[in-house]
Amino acid sequence: MVRPEVRGVVTPEAVVLEFETGSIPSRALAQLVDLFVRVGLFYGLALLASLAGLGLGSSAVVVILIVGGFLIVFGYPVLFEVRWQGRTIGKRLLGLRVVTVEGAPAGFRHSAIRAMVAVVDFFLPPIGVVATISVLLTPRSQRLGDLFAGTIVLRERTGAAFPVPVSFPPLPGYDGYARSLDVGGITPEQYGVIRSFLLRVAHLSPEARAHIGTRLANAVAISMRHTPPAGVSPEAFLVSVAAAYQLRLGGPPVPLPPWVPAWGAQARPPS
C-alpha cells in the first residue's frame, strides 16, 4: 500500500491534526528578533549592575550579570513560551507556535529542554548550522531541541484551514458492526490512507470515488483478514474501519463533519 504524504500529528485517540511547519527562514527571523530582545534586556541588566556596583561593590556586579545573563538566555524563551502558549516575541511576530508532537500546548518541561539544547542548536559554531541541518533532515522540521523535548514548531499564518480534529463515528445502524471489527492489525499509515480518502470523497467524481473506494476497501479487508457482509458498500466498510480504529484508541466524541451523511453511499446496515 502506498504511504500517504500526510503532514500532521496523530493523537493517542487516532485523531490526525494537520499542520504546516514553520519554515527555516521564518524561524531564523524569529530567532533574530528574540536575539535583539535579549541584547536589549542584557543592556538594561548591565546598566542596573553598574548602578548596583556603586554601592555594593564589584562582586555584586558579577553576580547580577551571571544570574541575570542566565535568566535572559534560558529563562526568556521558557517564560514566554509557557505564558504565551508556545510563542516568544519573535515567534509571535512571525506567526509561529511551539506545540508537542501530540498537538498539545508546550509546557514548562518542553520549553526548558528546548532552551537548554538551544546552546547546541544555535550558539555553538558554526552558529545555527546544527539546527538548520536537523530541521532539513527530520520529517517534522525539528531541531535538536524539538527532538529531545518532543515538540514541533507550527506556522499559524497560513491559507490552510485551522487544524481541527476529525472524528469518524459509525454510520447510522453500523455501530455494532464497527465495534465488532478487529482493527488491531491496522497501521497508522493504513489509517492515514483511509482517512485521506474519506476526507476527499466529496471532491471525487462518482466513478473515481467508487473505483478508489473499492480498491482501498479490498486492500484493507485483506490485511484485516475480514470479509464485509453482503450489502455493506466499500465506503461504508471504510467508515466502519476508521470508526473502529478510533474507538479502539478511545477517540473523543467531537462534532461530526458536515459531509458525514454522504459517506457510505447506497449502503444499508449489515444484518
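No value in this document is a laboratory result; all are computed from the given coordinates. The shown structure was predicted, so the numbers you read here are calculated from the model rather than taken from an experiment. Every residue, glycine as well, gets a Cβ built from its backbone with ideal geometry; the counts of neighbours run over all protein chains shown.
Computed values, structure above
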{"quantity": "Projected-area average for segment 55-110 over all orientations - Cα convex hull basis, square nanometres", "calculated": "5.1 nm²"}
{"quantity": "Förster radius 41 Å - calculated FRET efficiency between Thr227 and Ser205 (Cβ-Cβ, nearest 0.05)", "calculated": "0.90"}
{"quantity": "R0 of 25 Å, Cβ-Cβ distance Ser196-Thr138: FRET efficiency to nearest 0.05", "calculated": "0.70"}
{"quantity": "Glu189-Leu71 pseudo-label distance in nm [points 7 Å out on the Cα-to-Cβ vector]", "calculated": "5.1 nm"}
{"quantity": "Radius 12 Å from Cβ of Ile186, net charge of other residues (Lys, Arg +1; Asp, Glu -1)", "calculated": "+1"}
{"quantity": "Radius of gyration, Dmax [segment 99-230; alpha carbons; angstrom]", "calculated": "21.0, 66"}
